[in-house]
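Inspection log for the structure reproduced underneath, given as structure tokens.
The values are calculated or read from the model by the stated rules, or taken from the named source; none is laboratory data. None of the values given here were measured: they were computed from a predicted structure. Cβ sites come from the backbone with ideal geometry, for glycine too, and all protein chains shown count toward neighbours.
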Amino acid sequence: MADPLLETRGLHRFFGGLHAVKDVSVAVPRGAIKAIIGSNGAGKTTLFNLIAGTIRPQGGEVLFAGRPITAWKPHRVAALGIARTFQTTKLFPHMTVLENVVMGRHARARSGFLAGMLSLPRTWRESRLMEAKAREILDDLGLDDLAGQPASDLPFGRQRLVEFARALAMEPQLLLLDEPAAGLNIYETQELSRLILRIRDRGITCLIVEHNMPLVMTISDEVAVLDQGQKVAEGPPRTIQRDPEVIRIYLGDDHA
Amino acid sequence: MILLRRYAVVLVGAVAVVLLQVVLSAWGATYYMTQITMSAYYSLVVIGLCLLMGYAGQVSLGHAGFFAIGGYTSAVLTTFNLIAFRGVPWVDGCRSLGLLVARQDLYGANLLTVSPLLAFLAAILLTSLLAFLIGLPILRLKGHYLAMATLGFGLIVYRLALGTAVLGQADGISNVPPLRIFEGLEVTGRQPFRVQNYYIAWAAVMAAMILGINLVHSRAGRALRSIHQNEEAAHSLGVNTYRYKLSTFVLSAAFAAVGGALLTHYNGSIGPSEITVMKSVRYLAICAVGGMANLGGALLMGILLNFLSLRGVFGTYDDAVFGGILIAVMLLSPQGLLRMPDWREARSFLCRRSHG
Amino acid sequence: MHYAQIVQYSLSGITVGSIYAIVAIGFNIIYNTTGIINFAQGGFVVFGAMTAISLSRFVPLPVAIVLAVLLTTCLGGLVELVFIRRCRDASILRLIVITIGVSILLQEAMLHIWDEKVRSLAYFTGTAISTVTILGAHFSPQVLWVLGVSAVVVAALAVFFRFTLTGRAMRACADDRMAARLCGVSDRRMVTFSFMLSAGIGALAGCVISPVTQTQYDMGPPLAIKGFTVAVLGGLGNSTAAVVAGLLLGLLEAFTVSQFQVAYKEVVSILVLLLVLVFRPNGLFGGREIGALRAS
């Protein structure tokens with residue numbers, strides 16, 4: 001197998017006495033869609049936060065394209081080309097949909113404080129480009145008619161989509177999706193599947209934390225299962241479905 | 001046309017300023033200009049604070065401290081007599097370069113002090129540097145702890161000013177010379193220069209407004225707003241939140257320093273009364289009532305409230321008025337009274353009874 | 001320094017420090033129940049003293065003090081009802097700014113009710129010139145009152161929170177508001193009560209220290225800041241630690257005065273505040289978990 005795009009090796013994280021993430025090693029191959037599943041409290045979002053830099057691991061490493069990025073701050077991780085969405089949508093409530101997505105272009109631009117205050121001509125061009133690209137993405141996701149609306153006014157499903165668009169605006173190599181299907185109805189979930197597959201076809205690698213089994217089984221190339229902070233199974237969806245340990249976790253001992 | 005709307009405040013403001021001056025001069029009421037000029041310099045602090053609080057979302061209860069550092073630096077450098085060092089080579093060298101100037105004080109004694117222009121630059125640089133050094137540790141603190149830390153900073157500056165001989169202790173520093181920009185144009189409170197100084201102050205304010213408006217609409221400004229509205233999301237998009245907060249902190253301190261230095265030259269003096277907690281609270285209250293993220297509102301309120309205060313309209317209740325304004329704004333509308341107020345919230349507040 | 005001088009300074013430091021500790025405990029009570037830092041706490045201390053001074057002209061001293069404490073307690077409740085209760089979901093920062101505004105209004109009110117003159121309450125026992133001599137150091141018997149009252153207050157509060165129903169209800173509220181509500185504790189009432197309690201003990205502290213430090217309308221904010229410093233130094237919310245921290249700060253101030261100019265005494269305590277906030281935000285006695293105070 002070619003070098004994985006993202007790899008964690010033996011990640012550990014404690015919260016007080018709780019060993020939230022215990023010696024977790026996963027690898028995400030380039031261009032793949034990998035899902036991480038497990039019951040609540042299994043450590044999935046913590047794992048995400050460790051990768052994205054929101055919290056520091058107390059052991060182990062994170063490697064991106066072979067490069068160690070362990071404990072890097074979130075903005076540096078983002079600059080590398082790793083985008084993420086959140087379990088509870090974190091849009092900028094007092095900005096419009098367009099402005100939210102334009103924020104996704106932040107890392108691709110340069111102008112700083114001084115250039116901004118003096119309103120130098122190069123900032124105008126940069127602004128125009130940022131906005132154009134943002135509109136492109138909104139178009140792509142069918143959100144162009146909502147561009148001028150305040151983000152907080154949108155219905156839940158649309159807000160999720162805007163957060164998606166914002167993450168895509170970063171033109172990332174790796175997309176971390178934290179429970180993207182949470183709160184979506186059947187139709188919206190199907191739309192989401194199609195979207196994720198489309199993104200993968202453009203060459204963006206995806207790592208998804210999800211509870212929604214049909215979604216996971218349909219679109220994932222690989223699945224890793226966490227239970228109480230540890231990885232208990234990893235492999236293609238079909239294999240995972242039949243893994244006795246996984247069945248025990250989800251359905252109890254009787255069914256194994 | 002976007003440009004016109006963006007700078008509308010500045011354009012309207014400029015017209016209003018000129019009209020006001022013409023009217024006041026015609027009525028022979030130019031003495032009002034003094035208070036307006038002073039209010040304008042105070043408003044420089046408010047503009048900077050507005051950027052820090054309304055956009056970057058960081059509270060400072062010690063901005064009077066930066067105002068004072070700017071003012072005192074200017075004052076000390078332009079009044080500290082180096083005449084004793086005349087004859088020392090580098091001192092004479094500085095003098096020939098124009099960095100030091102010789103003049104005579106009120107009593108005819110000879111003085112050798114730093115040139116006001118250089119002192120002005122030094123004031124801004126020193127304040128910015130101090131803001132940077134102080135901001136480094138304290139901007140890592142969360143909301144209310146940051147507020148208390150800035151409060152502590154303001155208090156330290158106050159106590160140091162009160163306790164240090166060089167800074168004039170309780171009397172402050174007086175006999176500060178005018179700041180000469182070039183021949184015929186100087187920052188001073190003297191009568192013949194009144195109209196001139198009115199415009200100098202407003203020029204400074206308008207420059208600050210333009211810089212502020214530019215910043216708000218730039219990539220950096222957007223990043224600031226994103227930090228304020230959802231810091232975690234901003235961080236995940238590549239915004240170096242800590243550095244942006246620090247930069248805004250230093251910038252707002254620089255604005256305050258300019259206001260402080262210019263006002264010191266205008267008044268010819270500065271004292272510890274400029275560094276009290278009440279002053280810092282005042283700036284906060286003005287920012288809040290103008291609309292935290294509303295530069296134009298902050299400016300308007302800054303001029304209005306400071307002018308009324310300087311004219312003595314509030315009498316002995318001066319401090320109480322600002323305290324009351326602060327509470328009222330915080331209770332009724334966190335966005336400030338000059339933003340589209342959340343009338344629903346205000347009405348429900350007034351009608352609401354405490355539920356069990 | 002002479003031995004006697006050391007004792008003198010130490011005693012002075014402990015006296016003032018115990019008042020700081022009481023103010024800090026007042027902070028902690030409200031902080032524990034609500035998470036707010038009540039900046040008006042210093043104002044309550046001054047108000048209590050001022051009220052007692054005025055009342056003592058009409059009634060005997062002990063009665064005046066009791067009445068003053070009661071009045072201030074009511075004031076505390078009033079402040080909570082009018083300003084704090086309305087803002088159910090306001091951010092902590094907003095509430096703190098409100099308390100700053102309240103402290104200013106309180107100060108201005110006191111300025112207009114009384115005036116800017118410095119006053120002081122009569123000495124509890126003896127007069128301004130009575131002295132007691134211990135270990136070669138001379139000091140006023142009022143100092144013993146201060147230490148005594150502080151000790152009683154701390155002990156009484158400990159008993160209150162441990163053994164009375166209301167005290168335990170307040171602790172429950174502090175620990176987990178929702179759970180307390182589910183157990184039938186009226187959290188709103190507990191919040192009001194915490195303000196009243198803080199105001200009351202603040203007033204008592206103000207009365208007992210007034211003969212020693214005098215009372216003036218604008219002593220509220222500096223006292224509040226010192227109290228906050230002590231509270232943070234001990235670890236916010238930890239009242240036992242606040243006592244130790246208060247004494248420490250008092251001693252530090254006293255010995256600073258002995259070495260440097262009086263004006264720098266204030267600088268020292270503020271420096272302590274800044275250093276603690278930056279380096280040891282959980283206080284000297286707080287745990288290692290950094291979480292709470294850091295932004296990111």
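The table that follows gives values for the structure above.
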| item | result |
| --- | --- |
| Count - residues of the range A:1-48 that are touching a helix residue (DSSP H, G or I) at 6+ places or on another chain (Cβ under 7 Å), of a type in the set (K, R) and outside any strand (DSSP E or B) | 0 |
| Count - residues of the range B:259-278 that are within 14 Å of chain C (Cβ to nearest Cβ) and surrounded by fewer than 24 Cβ atoms within 10 Å (Cβ to Cβ) | 5 |
| Any hit, the range C:55-72, residues being within 14 Å of another protein chain (Cβ to nearest Cβ), in contact (Cβ under 8 Å) with a residue 12 or more places away in the chain and crowded, with 21+ Cβ neighbours inside 10 Å | no |
| Residue in the range C:183-192 that is within 18 Å of the chain's Cα centre (by Cα), within 14 Å of another protein chain (Cβ to nearest Cβ) and in a helix (DSSP H, G or I) present | yes |
| Condition check for C:S120: of a type in the set (S, T, Y), away from every other protein chain (no Cβ under 14 Å) and within 16 Å of C:G220 (Cα to Cα) | yes |
| Sole residue being part of a loop (DSSP other than H, G, I, E, B) and under 30 Å from B:K245 (Cβ atoms), chosen from B:L160, B:L167, B:L106 | B:L167 |
| Failed condition for C:S198, given (1) more than 10 Å from every other protein chain (Cβ to nearest Cβ); (2) surrounded by fewer than 20 Cβ atoms within 10 Å (Cβ to Cβ) | (2) |
| For A:T89: the one exception among (1) away from chain B (no Cβ under 11 Å); (2) among the hydroxyl-bearing types (S, T, Y); (3) touching a residue at least 40 places away in the same chain (Cβ under 8 Å) | (1) |
| Options B:L326, B:L305, B:L284; residue that is modelled with pLDDT of 85 or more, within 25 Å of C:M110 (Cβ to Cβ) and away from chain C (no Cβ under 11 Å) | B:L305 |
| A:M170, sole failed condition from (1) exposed (fewer than 15 other Cβ atoms within 10 Å of the Cβ); (2) under 17 Å from the mean Cα position of the chain (by Cα) | (1) |
| Residue that is surrounded by the most Cβ atoms within 10 Å (Cβ to Cβ), among those in the range A:65-93 that are part of a strand (DSSP E or B) and of a type in the set (A, V, I, L, M) | A:I82 |
| Residue that is surrounded by the fewest Cβ atoms within 10 Å (Cβ to Cβ) [pool: residues in the range A:99-113 that are more than 8 Å from chain B (Cβ to nearest Cβ), part of a helix (DSSP H, G or I) and modelled with pLDDT of 90 or more] | A:N100 |
| Every residue from the range A:24-53 that is charged (D, E, K, R) and either buried (at least 20 other Cβ atoms within 10 Å of the Cβ) or touching a Lys or Arg at 6+ places or on another chain (Cβ under 8 Å) (or both) | A:K34, A:K44 |
| Residue that is nearest to A:S193 (Cα to Cα) [pool: residues in the range A:128-164 that are polar (S, T, N, Q) and in contact with a Leu (Cβ under 8 Å, 6 or more places away or on another chain)] | A:Q159 |
| Selection count, the range A:178-194, where residues are out of contact with any Leu (no Cβ under 7 Å at 6 or more places or on another chain) and aliphatic (A, V, I, L, M) | 2 |
| Some residue of the range B:236-248 being more than 27 Å from B:S74 (Cα to Cα) and among the small types (G, A, S) | yes |
| Residue count, the range B:195-228 (criterion: of a type outside the set (A, V, I, L, M) and touching a residue at least 60 places away in the same chain (Cβ under 8 Å)) | 9 |
| Test result for C:V97, in contact (Cβ under 8 Å) with a residue 24 or more places away in the chain, hydrophobic (A, V, I, L, M, F, W, C) and within 26 Å of C:I225 (Cβ to Cβ) | no |
| Odd one out for C:D218 among (1) within 14 Å of another protein chain (Cβ to nearest Cβ); (2) under 16 Å from the mean Cα position of the chain (by Cα); (3) closer than 15 Å to C:N32 by Cβ | (3) |
| Meets criteria (surrounded by 19 or more Cβ atoms within 10 Å (Cβ to Cβ), in contact with a strand residue (DSSP E or B) (Cβ under 6 Å, 6 or more places away or on another chain) and more than 23 Å from B:Q58 (Cα to Cα)) for C:T215 | yes |
| Matching option when the condition is within 12 Å of chain B (Cβ to nearest Cβ) and in a helix (DSSP H, G or I), among C:A180, C:A224, C:A254 | C:A224 |
| Test set (1) over 16 Å from the mean Cα position of the chain (by Cα); (2) assigned to a strand (DSSP E or B); (3) on the phi < 0 side of the Ramachandran plot; (4) not polar (S, T, N, Q) - A:V62 fails condition number | (1) |
| Hey, A:T96 among the polar types (S, T, N, Q), surrounded by fewer than 19 Cβ atoms within 10 Å (Cβ to Cβ) and under 23 Å from A:I208 (Cα atoms) or not | no |
| Members of the range A:120-164 that are out of contact with any helix residue (DSSP H, G or I) (no Cβ under 6 Å at 6 or more places or on another chain), closer than 20 Å to A:T88 by Cα and surrounded by fewer than 20 Cβ atoms within 10 Å (Cβ to Cβ) | A:P150, A:S152, A:D153, A:L154, A:P155, A:F156, A:R158 |
| Enumeration of residues in the range A:161-192 that are over 23 Å from A:V26 (Cα atoms) and free of Cβ contacts under 8 Å to residues at least 40 places away in the same chain | A:L161, A:G183, A:L184, A:N185, A:I186, A:Y187, A:E188, A:T189, A:Q190, A:E191, A:L192 |
| Set C:G206, C:G246: member being buried (at least 24 other Cβ atoms within 10 Å of the Cβ) and closer than 20 Å to C:L111 by Cα | C:G206 |
| Residue count, the range A:214-256 (criterion: modelled with pLDDT of 85 or more and aliphatic (A, V, I, L, M)) | 11 |
| Subset of the range C:257-285 (residues that are under 30 Å from C:A158 (Cα atoms) and either touching a Ser or Thr at 6+ places or on another chain (Cβ under 8 Å) or away from every other protein chain (no Cβ under 13 Å) (or both)) | C:S269, C:I270, C:V272, C:L273, C:V276, C:L284, C:F285 |
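Let's see how each residue does on (1) at the interface with another protein chain (Cβ under 10 Å from one of its Cβ atoms); (2) not in a helix (DSSP H, G or I):
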site	(1), (2)
C:G77	no, no
C:R86	yes, yes
C:I96	yes, no
C:G101	yes, no
C:L106	yes, no
C:L111	yes, no
C:D115	no, yes
